[in-house]
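See structure below.
The values are calculated or read from the model by the stated rules, or taken from the named source; none is laboratory data. Computed from a prediction, not measured in an experiment: that's the story for all the values here. When we count neighbours, we look across all protein chains shown, and the Cβ atoms used for this are built from the backbone with ideal geometry, even at glycine. Only protein heavy atoms, including side chains, enter the accessible area calculation; ligands, DNA and RNA are left aside. Shrake-Rupley method; radii C 1.70, N 1.55, O 1.52, S 1.80 Å.
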Amino acid sequence: MNTTTNRRAWIKSALAASAGLPLSTLLIPKLEAMPVSKAEIRFWKTFPTAKVNIRLNANENPYGPSPKARAAITDSLNEGNRYPFTSLNDLRTFLAEKENVSPDHIMLCPGSSEALCVAGLYASLEGGSVMSADPTFTELMNYAQVFNARWDKINVNDKLEHDFNAMLSAIKKDTRMIFIVNPNNPTGTLVDSKIVREFCLEASKKTIVFSDEAYLEFLDPTQQSSMVDLVRAGENVIVCRTFSKIYGLAGLRLGYLVAKPDIIRKLTPYQMGYPINQTAIAAGIASYGDTDFMNLSRTKNNTARKHLEDFLDKKGYFYGKSYTNFMFFECKTDGQKLLRKMADKGIGIRIWDYKNQEWCRVSIGTLDEMKAFTKAWEEIVG
């Protein structure tokens, strides 16, 4: 059975278990962009009804939405009978002002997922290839492959960081887009922004660079350095931002791209109309720049992550130095059995395949949830 068929079977089982509803065959190809490991496919095939209540498998913020967002959500219900045409324009203008660009530099989308798929589609229209580090979040590249683009994967270095020198050297004449994530998912690692900026400047002379900044706000504010300034300077760079992570709005689906107007004009025809609702718009505007909530989330995340770091250090596990709300480390045990035994304890985690090994990617929950995870690991693995 090939990888695509295995992935389809995993999605059918996993979503049927979580939702208890039939899964439309039209939705399956979209969801197959998820980076599903062999262990996860086998697990869901064997235990299709497994359910968890400690969700350390989706990089969600366990503390959101913020109080300001909750209040805005409640108020937005008064506009629930109205199409969001005006609100969308208001949001686009609001974000453009925050990013110090004109509104025609902004493309709104439901989370970053649609933006990644639209970019993957656009990059594949003329054939050729897309490039990324490996491992990384795969949605853009998977979607490009649907339209027959080639995916050139460049291994991360020994610290599990993007190897930007290797990526620059690997650019080919038919490289249509380069996807980067800093900090990276699933490794959590960070490359100095000066190195990233130099790479973007050089690579964007040859192709489009897509910079996913989903986890930027988990960095200390002094470390946060967006590539939006390159967009302002007219470079061939696309910056992707989301409200799903630090802002805790994953379930409301809100994100946006910042790029040159000519790039935005080329991407927007492939969007699905007006997929963002009044509730998400109101919550996003209320959340943006909420430093109190971001500081709270960042502080609690760092404390809970330190608990996991200390545990892994004690056990002698190799892991990527994480600057995010997840950690990536060697599994050192059978991934399928680990998933099952964790699920038996009500805990969900992810298993990744990389270099013919199984790796764990564990999201950072509350401190109590991380203590429950390390206790379960001690009982399962030792």
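Of note:
- Residue-normalised accessible area of the range 313-361, given per residue in Å² at a 1.4 Å probe: 43
- Each semi-axis of the equivalent ellipsoid for the chain is √(5λ) with λ an eigenvalue of the Cα gyration tensor; in descending order they amount to 30, 25, 22 Å.
- Taking every C-alpha pair closer than 8 Å and separated by at least 6 residues, the mean separation divided by the residue count of the chain gives a relative contact order of 23 percent.
- Between K194 and T303, residue separation times 0.36 nm minus the direct Cα-Cα distance comes to 36.5 nm.
- Sites N53 and K173, calculated FRET efficiency, Cβ-Cβ separation with R0 35 Å, nearest 0.05: 0.10
- Computed helical MRE - 222 nm, the chain, DSSP H runs ≥ 4 contributing -39500 (n - 2.57), nearest 500: -13000 deg cm²/dmol
- On the range 53-95, 49 percent of the accessible area sits on carbon and sulfur atoms, based on a 1.4 Å probe.
- Under the criterion of Cα pairs below 8 Å and six or more residues apart, the relative contact order for the range 320-366 equals 44 percent.
- For the pair the range 318-353 and the range 29-93, the centres of their Cα atoms are 21 angstrom apart.
- Rounded, prolate or oblate (a/c below 1.5 giving rounded, otherwise prolate when a/b exceeds b/c) for the range 140-262 by Cα gyration tensor: rounded
- The label point for A166 and the one for S226, both projected 7 Å from the Cα toward the Cβ, are 3.1 nm apart.
- Carbon plus sulfur fraction of accessible area for the range 150-259, probe 1.4 Å, in percent: 46
- Cα gyration tensor shape for the range 54-118, rounded if a/c is under 1.5, else prolate or oblate: oblate
- GNM top mover of D262, D212, D75 - the chain, alpha-carbon springs below 10 Å: D262
- A straight chain from T291 to N155 at 0.36 nm per residue would run longer than the Cα-Cα distance by 45.4 nm.
- Descending Cα extents along the principal axes, the range 133-204, whole Å: 33, 25, 17
- The value of relative contact order for the range 71-218, using C-alpha pairs under 8 Å at least six residues apart, is 18 percent.
- The packing ranking, built from the mean of other Cβ atoms within 10 Å per residue, places the peptides 331-339, 133-141 in the order 133-141, 331-339, highest first.
- Kirkwood-Stokes translational diffusion coefficient of the range 209-251, alpha-carbon pairs, 4 °C, 1.567 mPa s, µm²/s: 115
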